[in-house]
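Please read the structure below before turning to the comments.
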Amino acid sequence: MIIVAGYIDVAPRDREVYLAGCVGVVEQARSAPGCLDFVIAADLVDPMRIDIYERWESRAAVEAFRGSGPDDGQAAMIVAASVAEYDVAAERPLV
């Protein structure tokens, strides 16, 4: 399993526009083969932060879906980012 997690920062005035531009990507990802979960969401306490969380069945599934990233308009809004990929060997349900 592959998990992609982290955050991006945009100016508070740009956050809603950025998120609105992500709706189609989230819909596409969630219907893509191998996607277990895909979230791009406003952080509850930091007005600049957008949280990223993706969970995929395999590296092949991530690579088959992955495009070139945000379009130029969205990329121009990003002031900082910290997103990483994690290879997960096992999982334990907590609920």
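Looking only at segment 44-75, residues that are assigned to a loop (DSSP other than H, G, I, E, B), closer than 16 Å to VAL10 by Cβ and either modelled with pLDDT of 90 or more or open to solvent by less than 40 Å² (accessible area, probe 1.4 Å) (or both) come to 5 in all. Against the criterion of being of a type in the set (S, T, N, Q), farther than 27 Å from ALA89 by Cα and at pLDDT below 95, GLN28 does not qualify. Across segment 1-38, the qualifying residues are those that are farther than 22 Å from VAL79 by Cβ and among the β-branched types (Val, Ile, Thr), and the one among them that is surrounded by the fewest Cβ atoms within 10 Å (Cβ to Cβ) is ILE3.
Touching a residue at least 40 places away in the same chain (Cβ under 8 Å), touching a strand residue (DSSP E or B) at 6+ places or on another chain (Cβ under 7 Å) and surrounded by 12 or more Cβ atoms within 10 Å (Cβ to Cβ), is that true of ALA41? In short, no.
The values are calculated or read from the model by the stated rules, or taken from the named source; none is laboratory data. Keep in mind that this is a model prediction, so the values were computed, not measured. Heads up, the Cβs are rebuilt from the backbone with ideal geometry, glycines too, and the neighbour counts pull from every protein chain shown. All accessible areas refer to the heavy atoms of the entire protein, side chains included, with ligands and DNA or RNA removed. Shrake-Rupley method; radii C 1.70, N 1.55, O 1.52, S 1.80 Å.
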